[in-house]
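Data first, discussion second: the structure below is written as structure tokens.
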Amino acid sequence: MTHRAVRFTRFSFIAAPLLLVAYGSVRLLVEGSREPGAAWITGHLAFLGGVLLFGVVCSGLRRAAAGAAGPARRAVVRAAWPVALAGVAAATAQAVIDLYAGFRAADKAEMSEIFARVQNVPGVMPVVYTVVPLFLYVGVIALLAALKGPRAVPSLVAFVLGTVAIAASLDFLPLGGLCYLLAFAPLRHRVGAPQAPGSGHRPGPAPRRCGRRTRWSPCG
């Protein structure tokens with residue numbers, strides 16, 4: 001990974017949960033957040049940004065787990081990675097639909113009509129709302145379980161607690177986001193440090209033996 005990619009991935013380990021906290025806080029505390037308007041748009045932009053950065057987090061977890069894992073753990077990582085990405089894609093589609101409805105609708109009733117039309121399309125409910133979005137949580141849990149090291153188990157526990165909180169009620173989104181922050185923040189430095197361009201080790205020529213001496217230059 002390049003320096004920029006490593007920095008952005010480490011940033012995502014912090015920003016993704018914080019954007020979820022922001023979305024949950026707007027949803028819970030800001031008047032008008034459940035109907036078309038600035039609060040709805042602001043909250044769902046935070047949700048969309050958080051979901052997209054979760055995809056980056058999953059990429060970082062995949063690299064961290066695969067780099068230090070045995071064959072069994074690497075098999076788990078290979079299976080969990082596409083599962084998590086499917087969940088990211090479904091949640092992204094959900095956020096885009098929510099934003100479209102928020103921009104298009106004039107009031108809450110019209111927004112409900114837009115949602116009804118979209119959700120009545122065959123396959124949309126399981127793919128976008130009820131089944132495939134859960135793959136994100138399943139995939140991240142599997143990626144965290146594949147990690148090794150002193151922070152692996154506490155991070156897994158924190159992520160599971162956050163997921164349980166969100167599953168219990170969407171009003172607990174800020175709490176869930178804070179749990180995700182506790183899970184991801186200590187792991188961000190496990191994303192591999194990049195090498196500077198040209199800093200990679202280049203082996204020199206093999207030593208040549210000249211008489212009883214070993215020299216690195218051609219024998220004269």
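Between the C-alpha center of segment 42-63 and that of segment 90-162 there is a gap of 11 Å.
Scoring 71-77, 15-21 by mean Cβ neighbours within 10 Å over their residues and listing the highest first yields 15-21, 71-77. Using 0.36 nm per residue and subtracting the Cα-Cα separation, the extra length available between Asn120 and His189 on full extension is 20.4 nm. Note: relative contact order over the chain, using C-alpha pairs below 8 Å and six or more positions apart, is 28 percent. For the chain, the alpha-carbon radius of gyration amounts to 1.37 times the rule-of-thumb value 2.2 N^0.38 Å expected for a compact globular protein.
Ordered by residue, what ³J(HN,Hα) values in Hz, to whole numbers, does segment 54-67 give under the Karplus form 6.51 cos²θ - 1.76 cosθ + 1.60, where θ = phi - 60° and Gly and Pro are x? 3J(HN,Hα) across segment 54-67, in whole Hz: 4, x, 5, 4, 4, 4, x, 5, 4, 5, 5, 6, 5, x.
Over the chain, accessible surface divided per residue gives 55 Å², non-protein components excluded, 1.4 Å probe.
Taking the average, over residues, of other Cβ atoms within 10 Å as the packing measure, peptides 56-65, 113-122 rank 56-65, 113-122 from highest down.
Determine the share of the chain's accessible area contributed by carbon and sulfur atoms, expressed in whole percent, with a 1.4 angstrom probe. On the chain, the fraction of accessible area on carbon and sulfur atoms equals 65 percent. Rg and Dmax of segment 1-78, both derived from C-alpha coordinates alone, stand at 16.5, 51 Å. Once the Cβ-Cβ distance of Leu134 and Arg4 is raised to the sixth power relative to R0 = 30 Å, the FRET efficiency obtained is 0.40. Count Lys and Arg as plus one, Asp and Glu as minus one, and take only other residues whose Cβ is under 15 Å from that of Val138; the net charge is then +2.
The values are calculated or read from the model by the stated rules, or taken from the named source; none is laboratory data. Just so it is clear, the model here is predicted, and its values are computed rather than measured. FYI the Cβ positions are ideal-geometry reconstructions off the backbone, even for glycines, and counts take in every protein chain you see. These accessible areas exclude ligands, DNA and RNA; they are computed on the full protein's heavy atoms, side chains included. Shrake-Rupley method; radii C 1.70, N 1.55, O 1.52, S 1.80 Å.
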